[in-house]
1. Looking only at the stretch A:46-70, filter to residues that are open to solvent by 10 Å² or more (accessible area, probe 1.4 Å) and among the β-branched types (Val, Ile, Thr); which one of those is farthest from the chain's Cα centre (by Cα)?
2. Would you pick out the residues in the stretch A:184-224 that are open to solvent by less than 50 Å² (accessible area, probe 1.4 Å) and of a type in the set (Val, Ile, Thr)?
3. Tally up the residues in the stretch A:77-103 that are without any contact (Cβ under 8 Å) to a residue 12 or more places away in the chain, of a type outside the set (S, T, N, Q) and either facing chain B (nearest Cβ under 8 Å) or touching a helix residue (DSSP H, G or I) at 6+ places or on another chain (Cβ under 6 Å) (or both), please.
4. For residue A:181, indicate whether it is within 14 Å of another protein chain (Cβ to nearest Cβ), in contact with a helix residue (DSSP H, G or I) (Cβ under 8 Å, 6 or more places away or on another chain) and open to solvent by 10 Å² or more (accessible area, probe 1.4 Å).
5. So the check is Cβ under 6 Å with 6+ separation or different chains; which pairs have a first residue in the stretch B:137-164 that's over 13 Å from residue B:106 (Cβ atoms) and a second one that's among the basic types (Lys, Arg) and open to solvent by 60 Å² or more (accessible area, probe 1.4 Å)?
6. Give me the helices (runs of 4 or more DSSP H) completely within the stretch B:260-374, filtered to those with at least 1 residues that are over 30 Å from residue B:195 (Cα atoms), away from chain A (no Cβ under 14 Å) and open to solvent by less than 40 Å² (accessible area, probe 1.4 Å), ordered by residue number.
7. Just checking, how many residues over the stretch B:64-97 are buried (at least 18 other Cβ atoms within 10 Å of the Cβ) and assigned to a strand (DSSP E or B)?
8. Return yes or no: is residue B:208 within 21 Å of residue B:76 (Cβ to Cβ), modelled with pLDDT of 95 or more, crowded, with 20+ Cβ neighbours inside 10 Å and out of contact with any Asp or Glu (no Cβ under 7 Å at 6 or more places or on another chain)?
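The values are calculated or read from the model by the stated rules, or taken from the named source; none is laboratory data. Values in this document were obtained by computation on a predicted structure and should not be read as measured data. Here the Cβ is made from the backbone with ideal geometry for all residues, glycine too, and neighbour counts use every protein chain on show. Remember, those area values only see protein heavy atoms, side chains included, never the ligands or the DNA or RNA. Shrake-Rupley method; radii C 1.70, N 1.55, O 1.52, S 1.80 Å.
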Amino acid sequence: MSIIQAQNVKKTYNADTIPVHALNDVTLNVEEGEFTAIVGPSGCGKTTLLNILGGLDDATLGHVEIDGTSITQMSDSDLIDFRLHHIGFVFQAYNLIPVLTTKENVEFIMLLQKQDEKTRDARGMELLTEMGIADKADKRPSELSGGQQQRVAVARALASKPKFVLADEPTANLDSQSTKDLLDIMLRLNEEEGITFVFSTHDQRVIDRAKRIVYLDDGKIVNDVTVKK
Amino acid sequence: MIIKLAWRNIWRNKRRSYLTIGSIMFAVILAVFMRSMQFGSYENMIENSVRFYTGHVQIHQNGYWDDQVIDHSMATDSNLLESLHQIEGVTDVVPRMESFILSAYGTKTRGSLIMGIDPQAEHGLTGLKDKLIEGEYLEMDDSSVLISEGLAKYLKMEVGDTLVLLGQGYHSASAAAIYPVKGIVKFPVKAQNDQSVFLPIPQAQWLFDAPELLTSISLMVDKVGHVAAVTNAVKSQVDLETLEVMDWQELTPELLQAIEIDNLSSKFMLYILYLVIGFGMLGTFMMMTAERQYEFGVMISIGMSRLKMQLVIALEMMMMTFLALFIGIGATLPGLIYLNLNPIKLTGEMAVAAEKQGVEALIKFSLVPEIFLNQAWAIFFMALFLGFYPLRSIQKLKPVKAMRGD
């Protein structure tokens, strides 16, 4: 079953002056449980595609459905609520809340979902344990390494029990070991818990471990490969 | 966690927060001190006028207040004075018989304000007995006078000397008498100190040939807030066709006007001060917003509603301003309490200037809650108004643009 359906998506910046076509008629379906990498050179439209799939940006033309719900015409507040309950985000720069501890960062999403304290506490610790950073629960992000921060970001993305996780260049700021550790975690979550991951990258180490690779160039999908492993 | 988040956010940039809190705090301290001193001086002026002279409410013959001559005296009896005592809130009832007369001793003469008083009641209102610096205080059945220190000095009189009084009595009767000086009183207000003569009411009525007549009855009320009720009660007891009942505001309109004008100019200064603080606060709020655009973008992306984020920012702003406000007020309170209990005594030319204006040469500090509440409201509304900038910025924020740094 397709969890993400993007049909004929176009995105044009500066339509009134010098138009830049970031996405040009992109159609992409992502099935539940996939581990998909969107790859391509800088400026090919990877981040724009992820933003549109995540409801962070509007498509100029085209249609996006998430788990059977069209997000194309959704109001701003409905979209925020939809993201909160259906989509997990991991960003290149981790983007943790600097004044909250590791555990509070993970619990924050659940707080927004109005989950009770007991549930938040249990799920927060469970996720941190799963990420191998339970001992850092009371540390602030500034006291963690980049790899550890990105693991917290993944835990935060999973805290809301989303339908899928969108990760924009999640390993771009990580060293080799941290990249390997993070990919191990993401793959394990994908294989053991069936969590769908869609991430943009141009890091070959990540591409090598993806199960599906969507190649973008000049805003168009030029290749879509499912890797048999 | 929203409150925790807001509180911790304040301390993300400690130096900036300290500076903002410090600037608001010092402005509050300055404003509170300024207003306390002004309110204190107004209270002093009112106190001088009410406590030392008019009382809170006065009763006279119709037309007396506009034309204060002895011919406009009113006929009274002891029943009226007694019934005034019974009104709830009335603490003192002070009858007077006042006029102007020429005082003389030896070769010196001076126009004087002569006041026939009930010595005990007068002391209750003005504390006249406490102002005695020589001799003894009057009794109701005395045939002697008290004179003010300035007048005694001018006439070169001492206790025991005989004062000559010469003037016009009721309906042009001649008023002439001699009285021994029983005591000398000293007033802080120069005009009063230079020309006052006190004698018991029966003597004044005899002198002015005005038996059973009074020029005024002053009432003191326990609380200023009860004045209106007491005034109404008095009006219901007297014949308003022949008598007029006035409260202290009607009795001293020029004083109120002077206070209002002074208050306006100091409010103007205060607004300038607020404007300066306002710009400081706006600067901080703008910086807080600008440097966190990326973070706001992330939070909206992960599912935090704009309203919740606005709530966090509003809480941050309120916490910061109220922290400054409470520290500011807390810092001023001990000093203000001390100064309220121990007013600063003016000396030299400043004292002379104050006395010339008819007020005690004191700088008093007020502690009325209004002073503190007004600062709190002003700062609160300023934060609320200036807070629109970050709140609007969050409302208009596009997460993708914010995260791109556009």
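1. By that ranking, first place goes to A:60.
2. A:185, A:195, A:196, A:198, A:201, A:206, A:207, A:213, A:214
3. Final tally of qualifying residues: 2.
4. Considered against the rule, which asks whether it is within 14 Å of another protein chain (Cβ to nearest Cβ), in contact with a helix residue (DSSP H, G or I) (Cβ under 8 Å, 6 or more places away or on another chain) and open to solvent by 10 Å² or more (accessible area, probe 1.4 Å), residue A:181 comes out as no.
5. Close Cβ pairs satisfying both conditions: B:137/B:129; B:149/B:186.
6. Output list reads B:306-341.
7. Matching residues across the stretch B:64-97 total 8.
8. No; evaluated as a whole, the condition is false for this residue.
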